[in-house]
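Presented below is the structure to which this report refers.
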Amino acid sequence: MLAVTDKHLGLSTARGNDLSNRDLHLESTLEDLTLYEFEIDVGEPGQELAKEFTNNPLMPGAILKDSGKFVGMISRRRFLEHLSRPYGIELFSRRPLEKLYHFVETELSVFPSNTLVVMAARRSLERSPELLYEPIVVQLNSCDYRLLDVHQLLVAQSQIHELTTKMLHEQTRSHMIQTEKMASLGRMVAGLAHEIKNPINCIWGNMGFLANYSQDLLDLLAVYEGEIDRETEAIVEKKEEVDLDFLKQDLPKILGTVRVAAERLTKMVGGMQNFSHMDETTRKPADLHECLDSTLLILENRLKYEIEVVKQYDELPLVECYSGQLSQVFTNIISNAIDALLDQLEATQAASPENSSWKPRIEIETKIRESSNSQPWVSVCIRDNGPGIPKEIQQRIFQNFFTTKPVGKGTGLGLAISNEIVKEKHGGRLNLKSEPGWGTQFEIVLPVSSSECHSTGRATG
């Protein structure tokens, strides 16, 4: 039996050899897999390597070095294949491995240790058929190399594929549930708005008559007072009881207040109706300014916390769109801005409540942008002067289920759905610009005409 020592053998088994127990995820790298660490000098005879392979049946190959420097890799499969040939043992068992390596040397697949498992699996499968099952060389640093069994790599890739399929299924299901919730909410809001609208219309429609009739009665009362020379005791007592002078001054004010409240409620009902059009099947011309104002009206209760809203509206044409869905986009973006501003306001007041000059602000700007084929597009910019979004997460901000909010305060679907509505439903773009300390800006760019969604023109400017 060939004798050999274990001084060159090392197996990185910190995570174990069983992939089924490994905590893999979509961004797992080669470092997360079992890597074999076995190095042997090319000057060693072939029998040394044969003994190592006999003692370690799972080892896929060996790293070859020459005076400590990386030379290459020899796989178990190719080594045993050559030794099993006629006179193979006589030719290579006692000769240096360097001689055998000249016969078995092939193109190596060397990947950095931070290579994604999915990427490494794809590239390994692109190799020629004779190299398909050769081990992968994993480079940890400039002089440290490990080996990865390609079978383990493919098993890991299969598990990650299952995770991906499961996650996509969950995302699709959650997206469908969220969409159905929004549609149900829209139907509920539409029904509620309809029920409120009828009595509001009654109040609003009769306010003018009520004001006129009240003024007529006050005028008639004034005539009576002028015609009566001496008021009876009963009249005097009644005037004092109802405080007639105050009533004549306060009644017009009360009617004016009711009129303003009815007008405001009418606008809120209109905003609710705009928001309720979530299940629209066709695009209709809509005034984006009305959609924005309706959204601000619905969110007004949250905007009372010292948040200044600045509107800079350009003259826009009517846009063919799904107005209810765009109202949802505006609601999601403005709600996120409010959340960010309130968090910063709380942090600022806690740190220096008296010396802070920062004031929360949301700016909404609309304008017309020309496209490359001279067709008009419209732009809606919603900016806040909050803390901004870190650059390292900006690429993920539109991903499903990605959220920076605490558990229970965000679903991670708001911006993903908004991006889908703008891009897929309207053929537009949702652009993000954000810098820590400057704030965040979302720009919704939409074609004015639905036919422009299918053209090649792109908005410029």
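Backbone amide hydrogens, once placed in the peptide plane, bring VAL309 within less than 5 Å of ILE362, excluding anything fewer than 5 places away on its chain.
Taking neighbour Cβ counts within 10 Å as the exposure measure, how do ASP293, ASP23 sort from fewest upward?
ASP23, ASP293
Between GLU231 and CYS202, take the C-beta separation as r, use R0 = 41 Å, and let me know the FRET efficiency to the nearest 0.05. The value I calculate is 0.60.
With both labels modelled 7 Å from their Cα along Cα-to-Cβ, the ARG127 to LEU91 distance reads 2.2 nm. Per-residue Cβ neighbour counts within 10 Å put ASP384, ASP245 in the sequence ASP245, ASP384, beginning with the fewest.
With the cut-off at under 13 Å, measuring from each backbone N in segment 34-69 to a point 7 Å along the Cα-to-Cβ line of ARG77 picks out 60-61. For LYS65, the aspartates and glutamates whose Cα comes closer than 17 Å to its Cα, not counting residues fewer than 8 places off in the same chain, are ASP6, GLU37, GLU39, ASP41, GLU44, GLU48, GLU52, GLU98, GLU105, GLU107, ASP144. Residues ARG173, ARG302, arranged from fewest to most other Cβ atoms within 10 angstrom of their Cβ, appear as ARG173, ARG302.
Pairs exceeding a 20 Å alpha-carbon distance, out of LYS284/LYS311; LYS304/LYS433; LYS284/LYS425; LYS311/LYS367: LYS284/LYS311; LYS304/LYS433.
In a fully extended conformation the segment linking HIS151 and LYS433 would gain 97.1 nm over its present Cα-Cα distance, using 0.36 nm per residue.
Across segment 9-148, Cα pairs under 8 Å and at least six residues apart give a relative contact order of 28 percent. Label separation (ASP343 vs THR165): 3.7 nm, computed from points 7 Å beyond Cα along the C-beta direction. Cβ-Cβ distance of PHE209 and GLU370, R₀ of 45 Å, FRET efficiency by 1/(1 + (r/R0)^6): the value works out to about 0.35. Cα-based radius of gyration for segment 9-148, normalised by 2.2 N^0.38 Å, reads 1.07.
Values in this text are rule-based calculations from the coordinates and carry no lab data. What you are looking at is a predicted structure, and each value in this text was computed from that prediction instead of being measured. With ideal geometry, Cβ positions are generated from the backbone for all residues, glycine too; neighbour counts draw on all protein chains shown.
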